[in-house]
1. In the range C:748-764, which residues are surrounded by fewer than 20 Cβ atoms within 10 Å (Cβ to Cβ) and in contact with a Pro (Cβ under 7 Å, 6 or more places away or on another chain)?
2. Quick one: which of C:104, C:70 is within 14 Å of chain B (Cβ to nearest Cβ) and more than 16 Å from ligand 6 (Cβ to nearest atom)?
3. Could you identify the single residue in C:188, C:241 that is within 11 Å of chain B (Cβ to nearest Cβ) and either at pLDDT 95 or above or within 30 Å of residue B:79 (Cβ to Cβ) (or both)?
4. Anything in the range C:58-78 that is away from ligand 3 (no atom under 16 Å from the Cβ) and assigned to a loop (DSSP other than H, G, I, E, B)? List them, or say none.
5. Among what's in the range A:185-209 and is in contact (Cβ under 8 Å) with a residue 60 or more places away in the chain and out of contact with any Ser or Thr (no Cβ under 6 Å at 6 or more places or on another chain), pick the residue that is nearest to the other protein chains (Cβ to nearest Cβ).
6. Within the range C:376-394, can you find the residues that are farther than 15 Å from residue C:721 by Cα and among the polar types (S, T, N, Q)?
7. Only one of C:35, C:50 is under 26 Å from the mean Cα position of the chain (by Cα), within 11 Å of chain B (Cβ to nearest Cβ) and more than 16 Å from ligand 5 (Cβ to nearest atom). Can you tell me which?
8. Of all residues in the range B:44-74 being in a loop (DSSP other than H, G, I, E, B) and in contact (Cβ under 8 Å) with a residue 12 or more places away in the chain, which is nearest to the other protein chains (Cβ to nearest Cβ)?
Amino acid sequence: MHPAYSVIVFTTFSGAGYGLLVCLALFGMTGGIEAERWLGITGFTLALTMITGGLLSSALHLGHPERAWRALSQWRSSWLSREGVLALATYLPALLLATNWIVFEEIEGAGYLFAMMTIVFSVLTVISTGMIYASLRTIRAWFNPHTVRVYLSFSLWTGALWFNLLAHLFGVHTPWVGVFMVVAGVLALFFKRKYWIFIDTHPVWVPPESALGLEGAGPVRQIAPPNTQENYVQKEMGYRIARKHMYSLRRTAFFGYFLIPWGVALLTIESEPVLRYAGAFVAVFAGMVGALVERWLFFAEAKHTANLYYGAESS
Amino acid sequence: MTMLPPENAGKKLGLVIDLDTCVGCHACAVNCKEWNTGGHSAPLPDDNPFGADASGVWFNRVHTYECGEDGNSRTVHFPRSCLHCENAACVAVCPTGASYKREEDGIVLVNEDICIGCKLCSWACPYGAREYDYDAGVMKKCTLCIDRIYNENLDEEDRVPACVSTCPANARHFGDLGDPNSDVSRLVAERGGVAPMEELGYKPVNRYLPPRPRRAGDDGGPQALQPVSPPDGSAADGLFRWIDRILSR
Amino acid sequence: MYEDFFDPKENVELSPDVADEIRDTTCYMCACRCGIRVHLKDGAIRYIQGNRKHPVNKGVLCAKGSAGIMNHYSPARLAKPLKRVGERGKGEFEEIEWDEALDMASGWLRDIRATDPKKLAFFTGRDQSQALTGWWAGQFGTPNYAAHGGFCSVNMAAAGLYTIGGSFWEFGEPDWELSRYFLMFGVAEDHDSNPIKTGLATLKETGAKFVSVNPVRTGYSAIADEWIGIRPGTDGKFILALVHELLRADRIDLDYLVRYTNLPWLVIQQPGADDDGMFARGEDGEPLCWDGPTGQAADARLAGVSPALIGERTLPDGRTAVTAFELMARRYLDASCSPDAAARETGIPAATIRRIAAELADAAFEQEVVIDQPWTDWAGRQHEKMIGRPVAMHAMRGISAHSNGFQTCRALHLLQVLLGSIDCPGGFRYKPPFPKVAPPPLKPAGRPGDVRPDTPMAGPPLGFPTGPEDLLVDEDGKALRIDKAFSWENPLSVHGLMHMVITNAHNRDPYPIDVLFLYMANMSWNSSMNTGGVIDMLTATDEATGEYRIPKIIYSDAYFSEMTAYADLILPDTTYLERWDCISMLDRPISSADGAADAIRQPVLPPDRDVRPFQDVLIDLGARIGLPGLTKEDGNPRYPGGYADYMVNHERAPGIGMLAGWRGKDGTGHGAGAANPDQLARYVENGSFWKQELAPEQRYFKHANRDYLEYAASAGFIGAPEQIVLQLYSEPLQRFRLAARGHGRMQPPDAERQRIETYFDPLPFWYPPFEGDAIDTSQYPLHAVTQRPMAMYHSWGSQNAWLRQIHGTNPVYMNRTEATRLNLEEGDWIWIVSHHGRVKAPLVLMDGVNVHTVWTWNGIGKRAGAWNLDPASPEAKTGFLLNHVISELLPPREDGYRYSNSDPVTGQAAWYDLRIRIEKCAEDELPETSPQFDTLPPPPGLPERPGILRYGLMYARRSRSGRDAP
Ligand SMILES: Nc1nc2c(c(=O)[nH]1)N[C@H]1C(S)=C(S)[C@@H](COP(=O)(O)OP(=O)(O)OC[C@H]3O[C@@H](n4cnc5c(=O)[nH]c(N)nc54)[C@H](O)[C@@H]3O)O[C@H]1N2
Ligand SMILES: Nc1nc2c(c(=O)[nH]1)N[C@H]1C(S)=C(S)[C@@H](COP(=O)(O)OP(=O)(O)OC[C@H]3O[C@@H](n4cnc5c(=O)[nH]c(N)nc54)[C@H](O)[C@@H]3O)O[C@H]1N2
Ligand code: SF4
Ligand code: SF4
Ligand code: SF4
Ligand code: SF4
Ligand code: SF4
Ligand SMILES: [Mo]
């Protein structure tokens, strides 16, 4: 699949945004961290900005952004529509939670409810983002249980990295933050590895023979395409990435997305403030870069069945 | 709305394409373009039409393949357009309701007035049958010539899809595949019509009639003629045969 | 609101009205000439539909026809007459008014006509107006006229006309409904584009077997029940092996041969005599046969005779003779014609050849079709039924475009006739006005006496020589025509040799010309061999005078083709939807086997540019230079109404005009009759075509069917209602042979004797194509051929916004096994190297192509800039033209002379004789075709290329789009 930058940016940042929301809500309601005002202000602003920015950037790649509101209508059948609805719905508890946090500097009573709802809606939103891809039978690399897990863990992990940074900045860091980050990181890596193993080893999804409905007639080879210059389908779905290139990018993603942030964050967790900030910052930066690469690969590695008609040997 | 109509919904209009007679002439593709660029989804624009990378919107494209191993391989032409699937995920994924499957005849259409151009439907189509109109920012696709098949301004015989009426090799047939007694359904039954990528479960309505087996001496026909004269090739013997054949003019 | 949000409904307009007006006319996107219904809406073309009532296409349209809109509105359309200002070939022009253009042209032409008319060479390409252009040339008085037939398929036409009095395509068609076995040779698309496809579909329905003999398995061959991947140039060998098998098993239709062919005729056996090998004839010149019962010679044409087929006979004058049948049988029974011998040349297993022969015989004799339809033969004898041998054959340029094509086509007709499958139910069927006498009794004019200042020629420039005395050569045997047609080099070049005109004019051989007048032929590109050389010749100047060696070039094109750059004066034509035109019985009509038919084109839209229909222009020019046929006694134009006027009022012979429908003052006459002022209106009412169905008893055995022959004679198709005897043994060929042996007044120059002796064999035979014979084939082991893409028409499809998306570039296709042997891979860039030159192309591999053959699509490669395409277009960058490596001349013979790369009998261009080798490009070579030529600048008046095309936007439902039409 052609990696559309708007979508990559959208999923990466909104993912991190929801992850951060979850962290804030979770630690806030459990008292896992002190509900300090400035942490609240910056934390929620940051999270909601990343989410909103993501949503806007995804609206950018629409042919008719001015009609985007219509995308909220088909939640009964469309994951994309569901994502839209949930994304908007999440603002409500998130804002209430934020107000609560900033005003009272502690989460109790209704605050718990808001926090719970924030967590639930964020998670559901991320799940439906994942489901948009996981529900497409046309793309084996997406149509599998790993996709949603990757989206969730990914969002939690990048969120955690940001949370870790903020916690340091506002001097309210606790071991729990570290522990949470470690766990999220391990999960993220674990699921992504399982995902890669899956797409590298899954058997041929649809063979060209079946694309022509000609099983039994022997192997099929294209000898003339229907058009000599690339058409929409070829441009949109026909993206191919060289194996070699792919592995090097996977490595980049692995280091950037996981090893560097994980390592740096942990090593610096107990060191001098400056180092801590620096470490946490580098972790966030590396993590986000790695995440973008990982997300780019998510598209580049995905083979669409339509390519079978244009000479692809497998899908 | 993008909830699919109940599958048993009676009428299933679609195409039956005969891969045994398709000569790959592209007439259906071009005639489709010609009709539809002024039809329901008008226009079907062409980017950079006289330039280095011309690329236009087409609802029907004709591919050419070879299948089989050297010895008994064959050339197959494969026209590809929307198959108006019963289980059309392209419709289900549409967030706006722009993509829909008509309850009355199963035709899958795009309502361009509300399409936001998110392209998700084209991702959901295994057959690459949807084409995006960058110029108008909306998705377009085969309409099964909905503006022909019911068109009272056309003669009765013309109320079929453009690609069907123009196919010089009569390789394209249009009808109700929901009705087991329709001509198209019978054709499918007789010739063992197939649906591509059945395993994906989209339940295409269109069917392809597979190429018939070739007949190169393996069909029980004669293998060689019996010479009437000693086969030593000597002309005289051969001629002798006609010496006393006197036929009246 | 709520509804619209959650459950939006589209109100689909199910019955939009599609046309304010529908105009019926004839397609011109190729020469198939289908009937079309042009739907006009808001003053533009909404849709072009096939006319269901039309005899040719019965409602269907091919890809090209369906893309007519895009040709009509092409940005490559010329807009105004153009005069060359810069150097020839640089493409620098200035717009001029029509009057200036016509004055200029008529000025040049008037001078020539007043002094030496043959200094005008008038050649036309893929046009359909030869009934007008040929006549015009005759009126002008120049013998130097021909259409594209010489480089197209004259082998097919000539072999057919000399053998069976008809041929394939316009001349005849398979009996699709009744045939049980269909054998197709060397066809990718053909002129009969739609009918063939429809016919193949019919075969599929009836379950008849379809065998395609073709080195390449695409298109029609792809759906054949059996594909025979023959080696190019060897079909004759294959066909004669089939004949061998049929003769050995005596599976031939003797009754048919005796009744309808000249095989029972006696051939004089008198080596050395001046009539050796000629038919023995009686006092009145009647051919003789040996009547078995009476045991003596008799008029072979008599109905009653029972001719012996075999045996040496002594003629009344004491000389000996044998039947043509015996000569035929002896030759083809010989082991040299055995399947095993053929297998070596053709690469087709002997067993397969034997099987095909058996299948043919089985279909012909075991599956005989009988129609319960009484008919009367030429002799007035009643036959209860029409009995047919349901074996049909069709062939085209795969056989035609070789230097052995004429004899191969003859062999093919021999095979058909032996099976008794000519114009019988289930066989090959003539389309009226065919059959004609074989060959038609029409001789080419152009002898010195015929060509005189300010005088029309005695006869037509093209005809059918039946002996040396009909040739157009002077005392010492030198050619009299600029293309050397009807000379000893190619005596039966009945369509001329358009592919030699530029070369000869440049070399002033046989003489210099003054004006080269071309119409509708892209001679500086895809229709010439040695394209690069031709470009140089078109621009070459005389060292002495500095004059162009071809002094003046007038060209009529409708579009910015590669050729326009080489014209001194361009006469811009309209598109096919902007003019009156006719497809006449006098040219190549649209008849079907069941009836004669002709058609017209009517203007559907007025031109939006300052262009004029070429036919009008030609008539105007004729009037300006005072051609008798085009001026009244008082000197005024005879046809002020232009071509429409001419179509209606011109009479070739009393009662015979361009159009056969609705003749006579009251418009009730058909075929012959006085001119009818309302004729065109009648055509328009009838969908712009006319067809006269034959009566059931006239539909088969037309060559010997009294009712048909009488009708044909009355309609002027043939001279007299006499049987047309199929000429399997060709006496005209023998006449040339005798001349070569030193008999007669007219004899070939010594250098030509051997060639004539060899190739003018009165019985078909096979010989290896010339090019392969003249070069070291170990250096050029492969054959290279082209194919017509079904969705492109020669060069002009590329200006079509839709068609060029389908064929924007062309790779060279090669057999996968062979490629692996040469370790070549798909996508490699390779050089195609011939003895003449080399061209660079990208490689694609396939199984369905003969191992010794590579192929590509014809005419896709374009010169940068031409056709108003972006110079960076794939057509110019990766698309390539095979013509660059095809030489118009054969390698020199011993004395250094170079014959044209043509068939020795007809002069047919031997495109497919090409031999090549493949060399992989070096790593550092550009993935871009070569040779490249400088980019052609667009001539004045051409529009900007649109960046996006929104054709049809004006028809979009307003609710859905505020944008206005482009
Ligand atoms: N390598 C190779 N070369 C071949 C062949 C092959 O098989 N292989 N085939 C040969 C054969 S059979 C043929 S017939 C020739 C065909 O070659 P051409 O006779 O050159 O045919 P076109 O390329 O169609 O070019 C005809 C010209 O007519 C112009 N034209 C189109 N419509 C009109 C019109 O309405 N009016 C006027 N005035 N002009 C118009 C076009 O713009 C074009 O410039 O090519 C020959 N060349
Ligand atoms: N769409 C379209 N239709 C056209 C045209 C066009 O340009 N486009 N051009 C028109 C014109 S001008 C003409 S003349 C006709 C030509 O009509 P065709 O004769 O069908 O044209 P070609 O493409 O020359 O086809 C030649 C075929 O013969 C095969 N062949 C080559 N050498 C041999 C051989 O030695 N033996 C055998 N058995 N086969 C061989 C080639 O593989 C090819 O399939 O088409 C007309 N119709
Ligand atoms: S028009 Fe008919 S024959 Fe031609 S490509 Fe389409 S389906 Fe095949
Ligand atoms: S073919 Fe593709 S577009 Fe058409 S209905 Fe099926 S899934 Fe949808
Ligand atoms: S592109 Fe249009 S039709 Fe397709 S899913 Fe998006 S909104 Fe629906
Ligand atoms: S049915 Fe109509 S829209 Fe669909 S492919 Fe055929 S012509 Fe095109
Ligand atoms: S075959 Fe196609 S291009 Fe040729 S006349 Fe018929 S419709 Fe037109
Ligand atoms: Mo031709």
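1. Correct list: C:755 only.
2. Result: C:70 is the single residue among C:104, C:70 that is within 14 Å of chain B (Cβ to nearest Cβ) and more than 16 Å from ligand 6 (Cβ to nearest atom).
3. Details: C:241 fails: within 11 Å of chain B (Cβ to nearest Cβ).
Only one candidate passes the filter, namely C:188.
4. Result: C:73, C:74, C:75, C:76, C:78.
5. Taking the range A:185-209 first, the residues in contact (Cβ under 8 Å) with a residue 60 or more places away in the chain are A:185, A:188-189, A:192, A:199, A:202, A:204-208.
The next check asks that each one be out of contact with any Ser or Thr (no Cβ under 6 Å at 6 or more places or on another chain); those that pass are A:185, A:189, A:192, A:199, A:202, A:207-208.
Numbers: A:185: 31, A:189: 28, A:192: 22, A:199: 17, A:202: 14, A:207: 10, A:208: 8 Å.
The extreme case among them is A:208.
6. C:382
7. On the way: C:35 fails: within 11 Å of chain B (Cβ to nearest Cβ).
Criteria check complete, one pass: C:50.
8. From the range B:44-74, those in a loop (DSSP other than H, G, I, E, B) are B:44-45, B:48-54, B:57-59, B:68-73; that's our starting set.
Filter once more, so that each one left must be in contact (Cβ under 8 Å) with a residue 12 or more places away in the chain: B:44-45, B:57-59, B:72.
Numbers: B:44: 7, B:45: 5, B:57: 7, B:58: 7, B:59: 12, B:72: 8 Å.
Among them, the one singled out is B:45.
The values are calculated or read from the model by the stated rules, or taken from the named source; none is laboratory data. From a predicted model like this one, the values you see are computed outputs, not experimental measurements. Positions of Cβ are backbone-derived with ideal geometry, glycine not excepted, and every protein chain shown enters the neighbour counts.
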